[in-house]
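K.L.:
Please find one structure pasted underneath; my questions will follow.
The values are calculated or read from the model by the stated rules, or taken from the named source; none is laboratory data. For clarity, every value in this text was computed on a predicted model and none was experimentally measured. Every residue, glycine among them, receives a Cβ derived from its backbone with ideal geometry; neighbour counts consider all protein chains shown. Side chains included, ligands, DNA and RNA excluded: accessible areas come from the protein's heavy atoms. Shrake-Rupley method; radii C 1.70, N 1.55, O 1.52, S 1.80 Å.
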Amino acid sequence: MSQASLTGRTDGERVALIAAGSWTAERAAELETIVDDTSRRYVGARSVVIDLARLERLDTFGAWLIERLKRAFILRGSSARVVGLSEADCDLMDEVVQVNLAPGQKKAAANPILAALDTIGRGIADNGWSLVLLAQMLGALTGALLGTIAYPRRLRLTSLVHHLERVGWRAVPIIVVITFMIGAILAQQGIFRFRSVGLDVYVVDMVSVLVLREVGVLIVCIMVAGRSGSAYTAEIGSMKMREEIDALRTMGLDPVEVLVLPRIIALVIAVPLLTFIGSIAALYGAGLVCWLYAGMAPEIFLERLREAIWLPTFAVGMIKAPFMALMIGLVACVEGFEVEGSAASLGLKTTASVVKSIFLVIALDGFFAMFFAGVGM
Amino acid sequence: MNNNPPVISVRDLVVGFGATTVLDGASIDVFGGEILGFVGGSGAGKSVLMRAIIGLVPKRAGKIEVFGSDLATLNGRERRAIEQRWGVLFQHGALFSSLTALQNVQFPMREFLRLSPRLMEEIALAKLEMVGLSADVRGKYPSELSGGMIKRVALARALALDPDTVFLDEPTSGLDPIGAAEFDALIRTLQRTLGLSVFMVTHDLDSLHAVCDRIAVLFHGRVIAAGPIETMLASEHPWLQSYFGGARSRQLQGRVLQSQTLQNQVMNS
């Protein structure tokens, strides 16, 4: 392919420019420099003639650059015209003459302080709004639940079982592995510290209370938020994007009843079960480490365990579980319904779903801690 | 028109998924500078053929030549050079949802050409205007655009690098008749000004009558006929007769002449 070029000849105040070679997309960058240089070089020209007879190829990029050159001259008050167009390129040139006539819009630069305040204000308002949406969803969910209690046949049992399998049954292996490891690590750390003061056996008290009251349920909730909450948001969000939710509504079905209720019921059933399994796995891990690492016989571990905990210790963890599950489910579904058209928004809402639900689970845990302290559990 | 060498030449193409064979020895040519309409029943494999040509679907046998080179024998770099010479308009536009209309059109330029931001913006705006959109859409995201606008932005993106050939997958589906007719005229105009070859999968009888130079018909995995609309109308094949001889089509036949006059008007305008 031959070089693209633009050569000029000055004759008094008249300039003749001859374009040659192929003026195409691949050469657009170098052509732009040529065109800008040329328009600067012949600033004083009265009339300019751009001759295209020696062009080999011309595409939109080349045609636009020639038009831009012509406009640059006209803008400075010189007359400019294009000659020597081949018949094939004529249409293209005609088309290009009509584009980019509207003046470019420039955004006024915003005051940085105001912009920062604006961001903060919007952030706070968004967070407040998301609490409102949570309350709204809780209300809609309660409505759907009452409706289902009145007419039990409206409960989508297949869907419920399906979700129960996904968020409950299939989460068991990963939950067992993680809580087992957490229990083992807690016990190892405990033994290490307690041994230095000669109070080995109290490690059992520490691990069992910690696991049953707090760690078991929190680890399970964080896993479930990351594993199932994000999936809920992504599913509902992509259904929203494809107008499937609108389709449900037009058929006279309540999306909350069809989509949200089975998902949240599944979570509320699954999370306590997972918490129970997780806590036991953690205690097992702790017992194993005590035996192998500190030489504490399993009988002694169990004996100590019986003394260290009583039923309310276990109950505290289990009571919290369904409420936390409800929180995760609500946040996940609210964020799902908030997804807008773009793929980026789906990603953003899925992230928000996980972050918010973990945050709210921990905040909720704080309230429970105060509550249980108040009632003496 | 058919004196030009074929830009796309497909021979005995076999494509299947699992146990089903969708295309079974399909052969087709697209010549330089023509608009080829490609028809066939729903699920006949029109889109599959298109996707096989542009390399999105693997083939089992056969030969696909684009711009004179066999795609299967090319290395990555040669392939990319070929890919820059075609543009694809997907059925639902396939605009990048996280980019604005202007950024969508700029995307191929940004990836493949080294242009100054100013030139890139000017060219992208020019393309948007060429497909009949006003400069107002530049900052809008695909979710804020109507179906017809999405197709136009997608067409502008397909044309971003000034390709030699464009593939259009049902460009007028989902548009109202006025919008579809405008789109047909637009394709015709662009084909003429940019010297494009167009491979158009369509069901729109209006489009077939109004803009296509030739029509190819896919039936049971093979291309059973190819030629201008008159050949299709004269064909004895039962499927072709029911496709072009159906009630919806018969209304159009009377308008073939009319549409040709209209087409001339478009050409002259």
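K.L.:
Modelled label-to-label distance, residue A:303 and residue B:60, 7 Å Cα→beta-carbon offset: nm?
P.N.:
Once both label points are built, they end up 7.3 nm from each other.
K.L.:
For chain B, modelled as a GNM with alpha-carbon contacts under 10 angstrom, which of B:191, B:241, B:103 fluctuates the most?
P.N.:
B:241
K.L.:
Then there's this: Among the lysines, which fall within straight-line cross-link reach of residue B:63, defined as a Cα-Cα distance under 25 Å, with same-chain neighbours fewer than 8 residues apart omitted?
P.N.:
Within reach: B:46.
K.L.:
Which of the residues in region A:32-50 show a loss of at least 30 Å² in accessible area from their chain by itself to the complete set of protein chains, at a probe of 1.4 Å?
P.N.:
Listed in order, they are A:32.
K.L.:
Let me ask something additional. Between residue A:145 and residue A:196, what length in nm is gained on full extension when 0.36 nm per residue of separation is reduced by their alpha carbon distance?
P.N.:
Numbers: separation 51, 0.36 × 51 = 18.36 nm, distance 5.48 nm.
Extra length from residue A:145 to residue A:196 when fully extended: 12.9 nm.
K.L.:
What distance in nm separates the simple spin-label points at residue A:238 and residue B:144, each placed 7 Å from Cα in the Cβ direction?
P.N.:
If labels sit at residue A:238 and residue B:144, their model points lie 2.6 nm apart.
K.L.:
Leaving out same-chain residues fewer than 8 places away, which lysines sit with a Cα under 24 Å from that of residue A:356?
P.N.:
A:240, A:320
K.L.:
Compute the distance from the alpha-carbon center of region A:302-377 to that of region B:15-40, in whole Å.
P.N.:
55
K.L.:
Would you mind telling me the antiparallel percentage of the DSSP bridges in chain A, rounded to 5?
P.N.:
Within chain A, antiparallel bridges account for around 35 percent of the total.
K.L.:
Send over a whole-number figure in Å² for the accessible area per residue of the protein assembly as shown, probe 1.4 Å.
P.N.:
Working: 31650 Å² over 646 residues.
Per residue, the protein assembly as shown has an accessible area of 49 Å².
K.L.:
Now, a different point. Quick check on packing: order A:43-50, B:111-118, B:178-185 by the mean number of other C-beta atoms within 10 Å, highest mean leading. Please list the in-between numbers first.
P.N.:
Numbers: A:43-50: 17.0, B:111-118: 13.8, B:178-185: 19.0.
Descending mean neighbour count gives B:178-185, A:43-50, B:111-118.
K.L.:
Something else about it: With viscosity set to 1.002 mPa s and temperature to 20 °C, compute the Stokes-Einstein D of the protein assembly as shown, Rh being the Kirkwood radius across alpha carbon pairs; µm²/s, no decimals. Can you show the working numbers first?
P.N.:
On the way: Rh = 30.4 Å.
Once the numbers are plugged in, D ends up at 70 µm²/s.
K.L.:
Further question on the same structure: Kindly express, to the nearest 10 degrees and within the range 0 to 90, the angle between helix A:112-150's C-alpha long axis and the longest C-alpha principal axis of chain A.
P.N.:
50
K.L.:
In peptide B:116-128, how many Cβ atoms from other protein chains are near each Cβ within 10 Å, on average? Working shown, then result.
P.N.:
Values: counts 5, 0, 4, 10, 1, 2, 9, 9, 0, 5, 10, 3, 2.
Mean shielding count: 5.
K.L.:
How much of the accessible area of region B:49-196, in percent, comes from carbon and sulfur atoms when a 1.4 Å probe is used? The partial results should precede the final answer.
P.N.:
Working: 3170 of 6190 Å².
About 51 percent, which is the carbon plus sulfur part of the accessible surface.
K.L.:
Is it possible to state the helix-based mean residue ellipticity at 222 nm for chain B, with each DSSP H run of 4+ residues giving -39500 (n - 2.57), the sum divided by total residues, to the nearest 500 deg cm²/dmol? What is it?
P.N.:
Numbers: 11 runs with 113 residues, N = 269.
After summing the helix terms and dividing by residue count, I get -12500 deg cm²/dmol.
K.L.:
Averaged across orientations, what area in nm² does the convex hull of the alpha carbons in region A:325-369 project? Numbers along the way, then the final one.
P.N.:
On the way: hull surface 11.3 nm².
Directional mean of the projected Cα hull area for region A:325-369 stands at 2.8 nm².
K.L.:
Run through every distinct alpha carbon pair of region B:1-95 and return the Kirkwood hydrodynamic radius in angstroms, one decimal place.
P.N.:
Across region B:1-95, the inverse of the average 1/r is 14.2 Å.
K.L.:
Let me ask something additional. Over all residues in A:55-64, what is the mean tally of Cβ atoms on other chains that come within 10 Å of each residue's Cβ?
P.N.:
Values: counts 0, 0, 2, 2, 6, 10, 9, 1, 4, 6.
Mean shielding by partner chains, rounded to a whole number: 4.
K.L.:
Now, a different point. In the protein assembly as shown, what percentage of the DSSP-assigned beta bridges are antiparallel, given to the nearest 5? Intermediate results must be reported in sequence, preceding the final value.
P.N.:
On the way: 28 of 60 bridges.
In the protein assembly as shown, approximately 45 percent of DSSP beta bridges are antiparallel ones.
K.L.:
Under the definition of Cα pairs under 8 Å and six or more residues apart, what whole-number percent is the relative contact order of region A:144-277? Provide the component values of the computation, followed by the final result.
P.N.:
On the way: 79 pairs, mean separation 64.3, N = 134.
The value is 48 percent.
K.L.:
For region A:20-34, just list the computed ³J(HN,Hα) in residue order, Karplus coefficients 6.51, -1.76 and 1.60, θ = phi - 60°, integers in Hz, with x standing in for Gly and Pro.
P.N.:
9, x, 9, 9, 10, 3, 4, 9, 4, 5, 5, 5, 4, 4, 4
K.L.:
Given contacts defined as C-alpha pairs under 8 Å and at least six residues apart, what's the relative contact order of region B:38-136, whole-number percent? Walk me through the numbers on the way to the answer.
P.N.:
On the way: 36 pairs, mean separation 12.1, N = 99.
Dividing the mean separation by the residue count of region B:38-136 yields 12 percent.
K.L.:
A follow-up question, please. Quote the FRET efficiency, to the nearest 0.05, computed for residue A:315 versus residue A:131 with a Förster distance R0 of 35 Å and r equal to the Cβ-Cβ distance.
P.N.:
Given R0 = 35 Å and the Cβ-Cβ separation, E is 0.75.
K.L.:
Using a 1.4 Å probe on the protein chains only, how many percent of the accessible area of region A:197-318 belongs to carbon and sulfur? Let's see the in-between values first.
P.N.:
Details: 3680 of 5410 Å².
That share works out to 68 percent.
K.L.:
Within region A:61-146, which trypsin sites (Lys or Arg not before Pro) sit in a loop by DSSP and count at most 12 neighbouring Cβ atoms inside 10 Å? Write out the running numbers ahead of the final one.
P.N.:
Values: sites: A:68, A:70, A:71, A:76, A:81, A:106, A:107, A:122; in loops: A:76, A:106, A:107.
Answer in residue order: A:106, A:107.
K.L.:
Would you work out the relative contact order for chain B, in percent, from Cα pairs under 8 angstrom that are 6 or more residues apart? All intermediate terms of the calculation are to be shown ahead of the outcome.
P.N.:
Numbers: 470 pairs, mean separation 63.8, N = 269.
This gives 24 percent for chain B.
K.L.:
Of B:80, B:157, B:192, which has the largest mean-square fluctuation in a 10 Å C-alpha GNM of chain B?
P.N.:
B:80
K.L.:
With the full set of protein chains in place, find how many percent of the accessible area of region A:1-105 is carbon and sulfur; take the probe as 1.4 Å. Each step should come with its number before you reach the end.
P.N.:
Numbers: 2610 of 5300 Å².
Ligands and nucleic acids excluded, carbon and sulfur reach 49 percent.
K.L.:
In straight Cα distance, which lysines are under 17 Å from residue B:140, not counting same-chain residues fewer than 8 positions off?
P.N.:
A:106, A:107, B:127, B:151
K.L.:
Pop the C-beta distance of residue A:117 and residue A:355 into the FRET formula with R0 = 30 Å and round what comes out to the nearest 0.05.
P.N.:
Values: r = 24 Å, r/R0 = 0.79.
Efficiency, from the Cβ-Cβ distance: 0.80.
K.L.:
Still on this model: How large is the helix-only mean residue ellipticity at 222 nm for chain A, computed as the sum of -39500 (n - 2.57) over DSSP H runs with n ≥ 4, divided by its residue count, in deg cm²/dmol to the nearest 500?
P.N.:
When only DSSP H runs of four or more count, the value is -23500 deg cm²/dmol.
K.L.:
Same structure again: Considering chain A as a Gaussian network with a 10 Å cut-off on Cα pairs, which listed residue, A:267, A:92, A:157, attains the greatest mean-square fluctuation?
P.N.:
A:92
K.L.:
Continuing with the same structure: Strictly greater than 12 Å: what percent of every Cα pair in region A:200-259 meets that? Display every interim value, and only then the final one.
P.N.:
Values: 1318 of 1770 pairs.
For region A:200-259, the fraction of Cα-Cα distances above 12 Å is 74 percent.
K.L.:
Computed FRET efficiency, Cβ-Cβ of residue A:79 and residue B:110, R0 45 Å: what is it to the nearest 0.05? Working shown, then result.
P.N.:
Values: r = 36 Å, r/R0 = 0.80.
That pair, residue A:79 with residue B:110, gives E of 0.80.
K.L.:
Evaluated at 20 °C with a viscosity of 1.002 mPa s, what Stokes-Einstein diffusion coefficient in µm²/s does chain B have when Rh comes from the Kirkwood expression over alpha-carbon pairs? It would help to have the intermediate numbers written out before the result.
P.N.:
Working: Rh = 19.2 Å.
Using the Kirkwood radius from Cα pairs, D works out to 111 µm²/s.
K.L.:
For chain A, just list the percent of Cα-Cα distances falling in each 10 Å bin from zero outward, please.
P.N.:
Histogramming chain A at 10 Å steps yields 5, 17, 17, 12, 10, 10, 10, 9, 7, 3, 0 percent.
K.L.:
So which residues of region A:87-102 lose at least 50 Å² of accessible area, probe 1.4 Å, when you go from the chain by itself to every protein chain present?
P.N.:
The answer is A:91, A:95, A:99, A:100 - residues whose exposure falls by at least 50 Å² when every protein chain is included.
K.L.:
How big is the B-A contact in terms of buried accessible area, both chains counted, 1.4 Å probe, rounded to the nearest 100 Å²?
P.N.:
Numbers: alone 12900 and 20810 Å², together 31650 Å².
Interface between B and A: roughly 2100 Å².
K.L.:
Could you tell me how far the Cα centroid of region A:236-267 sits from the Cα centroid of region B:54-99, in Å?
P.N.:
Answer, in whole Å: 38.
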